[in-house]
Amino acid sequence: MSDSNFINEINKRRTFAIISHPDAGKTTITEKLLLFGNAIQVAGSVKGRKNDKHATSDWMQMEKERGISVTSSVMQFPYSDRTVNLLDTPGHADFSEDTYRVLTAVDSCLMIIDGAKGVEERTIKLMDVCRLRDTPIIGFVNKMDREIREPVDLLDEIETVLGIAAAPITWPIGMGKAFKGVYHLVNDELHLFTPGQGNIIPDDKRIQGLNTDAARELLGLDWQAFADEVELVKGASHEFDLQAYLAGQQAPIFFGTAMSNFGVREMLNGFVEWAPAPLDRVAGGERIVAPSEPKFTGFVFKIQANMDPKHRDRIAFMRVCSGKYERGMKMRHARIGKDTRIADALTFLAGDRSAVEEAYPGDIIGLHNHGTIQIGDTFTQGEDLKFTGIPHFAPELFKRVRLRDPLKAKQLHKGLRQLAEEGATQVFFPVANGDVVLGAVGSLQFDVVAYRLKDEYGVEAIYEGVNVSTARWVDSTDAKQFAEFKRKYETNLAMDGGDHLTFLAASRVNLAMAQERYPEVNFRATREH
Ligand code: GDP
């Protein structure tokens with residue numbers, strides 16, 4: 001392939017995730033995007049197929065019962081002349097760590113806001129994460145088929161609560177039963193809503209120009225009021241500024257209804273036009289990797305077990321950062337310095353797994369993992385490189401694990417190490433005794449781990465309270481003080497699942513005392529993978 005083709009493939013890529021509060025419409029809009037991408041024929045089939053496929057898996061059953069999505073998938077689809085990669089973020093608030101890592105693998109985000117509810121708590125948190133890397137955000141105000149809040153108030157709330165300038169691109173014409181469509185402020189075009197087309201690609205009816213007979217006819221007596229409103233909105237809001245959007249300072253905002261599949265097309269058109277193609281990535285030291293570099297690089301941001309219950313495999317999700325993946329190529333697993341031939345990487349076309357022949361920067365490929373790959377690992381074509389920025393958060397909740405059958409200790413350790421490696425939980429092995437302590441960021445993680453230990457490893461685990469309330473990864477350049485610290489605090493020390501030394505404290509006060517006593521020891525609340 002020539003260089004210009006390679007560059008062309010990169011520039012076509014748009015890799016993004018959806019951020020929203022539960023129930024805002026993420027699943028619904030995902031389905032409509034797949035419809036536009038011709039990845040499905042009729043909306044409604046995504047959920048159905050997912051359920052059929054995993055009907056035998058109790059694990060999925062649990063997920064369904066709880067109404068949450070703990071697995072995160074990748075969907076690739078073509079739209080216009082682009083190749084779009086949509087990374088699904090787990091829906092439940094408990095899985096913030098997992099979501100965080102998905103957000104390190106995208107170049108931009110789509111934010112969905114329930115028009116009746118406005119900016120909600122989880123969206124605020126996710127925006128905080130996006131701000132760390134100035135991720136560009138496009139906003140979609142959903143549920144215009146209902147009586148929602150005043151659009152002007154919603155813009156105001158986005159600006160004040162989320163701290164990002166809002167630039168309306170489309171503006172709703174009415175709402176609820178009187179919803180007629182949207183007016184494109186930039187193109188001076190009316191897009192007309194036809195109800196009842198939610199499960200298909202809807203008609204694309206337009207009127208060019210607000211100041212036209214056709215528009216006056218459509219709006220009737222409301223024309224003047226709407227024209228005045230548009231003038232007001234234009235005067236009072238930010239004009240779209242591509243550079244400000246790309247810098248993460250301004251969010252273009254669209255209005256519509258995901259359920260009725262309206263306004264989504266306009267948003268998608270804006271998205272593929274403006275959203276950034278794969279961006280440069282920071283690696284250790286001064287190294288910045290550009291997607292156009294000829295040599296392959298990528299990093300693993302997620303590991304997921306048992307995607308296919310029949311095969312019990314684990315898949316490592318890798319974002320391609322530069323160069324090109326070709327089936328059968330040799331890659332260096334940088335952390336362990338080993339070269340391996342990768343013949344069977346997967347892509348995720350609309351949720352279906354298939355063997356991939358080639359993949360470009362921005363694409364996500366799945367590697368079969370037999371236990372050697374960890375979250376954060378970098379793969380290259382020989383260079384010793386480590387992509388940074390994929391942290392691991394110190395857990396805030398702890399439990400001791402006991403076995404119902406003590407003979408299963410080996411399976412327990414294996415299961416917990418694998419689940420920890422996947423990021424489902426964190427595991428600590430105290431240095432001074434044979435305990436096993438689990439750490440989590442959210443309490444639901446404990447239930448999930450117990451369930452999976454039983455389902456996948458045949459181990460019945462019982463949880464007990466443990467006198468730990470906070471954990472810190474410790475290291476030091478002062479060998480003498482570090483040795484003294486380790487002697488003094490031996491009963492507080494543990495190795496985590498990746499064999500890193502950890503300090504487990506009964507309380508914040510204990511932690512503060514240890515920090516005061518040993519100023520040369522670093523107590524880290526996050527650890528880079
Ligand atoms: P998620 O939790 O963000 O994935 O939200 P879902 O896509 O599952 O939607 C949550 C609920 O809102 C479901 O009952 C949807 O049918 C409903 N919903 C989604 N989009 C719209 C919309 O445009 N209008 C209305 N009235 N309901 C919607």
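Just so you know, all these numbers are worked out from the coordinates, no wet-lab data involved. Given the structure is predicted, the values throughout are model-derived calculations rather than measurements. Every residue, glycine as well, gets a Cβ built from its backbone with ideal geometry; the counts of neighbours run over all protein chains shown.
Please express the Cα-Cα pair-distance distribution P(r) of the stretch 394-528 as a list of whole percents, one per 10 Å bin, running from 0 to the bin with the greatest distance. That works out to 12, 45, 30, 12, 2, in percent per bin. Shown for T340, T15: other C-beta atoms within 10 Å of each C-beta, ranked fewest to most, produce the order T340, T15. Ranking of I315, I207 by neighbouring Cβ atoms within 10 Å, starting from the fewest: I207, I315. Only one residue of Q426, Q411, V356 has its Cα farthest out toward the positive end of the dipole of the stretch 339-426, where Lys and Arg carry +1 and Asp and Glu -1 on Cβ, and that residue is Q411. Think of each Lys and Arg Cβ as +1 and each Asp and Glu Cβ as -1; about the Cα centre, that makes the dipole of the stretch 394-528 roughly 300 debye.
For the stretch 152-247, the calculated P(r), taken from all Cα-Cα distances in 5 Å bins from zero up to the bin holding the longest distance, is 2, 12, 20, 22, 18, 14, 10, 2, 0 percent.
Listing H370, H333 from fewest to most neighbouring C-beta atoms within 10 Å gives H370, H333.
Within the shell of other residues whose beta carbon sits under 11 angstrom from the beta carbon of D114, the net charge comes to +3, with Lys and Arg scored +1 and Asp and Glu -1. With Cα atoms defining each centre, the stretch 420-450 and the stretch 211-275 are spaced 48 Å apart in the structure. Compare the Cα positions of A166, F317, S507 along the charge dipole of the chain (+1 at Cβ of Lys, Arg; -1 at Cβ of Asp, Glu; about the Cα centre) and return the one farthest towards the positive end. The Cα lying farthest towards the positive end belongs to S507.
Report the Cα centroid-to-centroid distance between the stretch 363-385 and the stretch 190-208 in angstrom, as an integer. Taking the Cα centre of each part, the stretch 363-385 and the stretch 190-208 sit 44 Å apart.
In summary, the chain shows an alpha-carbon radius of gyration equal to 1.06 times the 2.2 N^0.38 Å reference for compact globular proteins.
Pairs over the 22 Å Cα-Cα cut-off, from the set K180/K205; K125/K414; K410/K486; K26/K234: K125/K414; K410/K486; K26/K234.
When 1/r is averaged over all different Cα pairs and the result inverted, which Kirkwood radius in Å belongs to the stretch 325-421?
Evaluated over the stretch 325-421, this radius sits at 16.3 Å.
Would you calculate, for the chain, the mean residue ellipticity at 222 nm contributed by helices, counting each DSSP H stretch of 4 or more residues as -39,500 (n - 2.57) and dividing by all residues, to the nearest 500?
Details: 15 runs with 156 residues, N = 529.
Rounded to the nearest 500, the figure is -9000 deg cm²/dmol.
The Cβ shell under 13 Å around A483 holds other residues with a net charge of -1, Lys and Arg each +1, Asp and Glu each -1. Under the convention that each Lys and Arg Cβ holds +1 and each Asp and Glu Cβ holds -1, the size of the dipole of the chain around its Cα centre is about 2060 debye.
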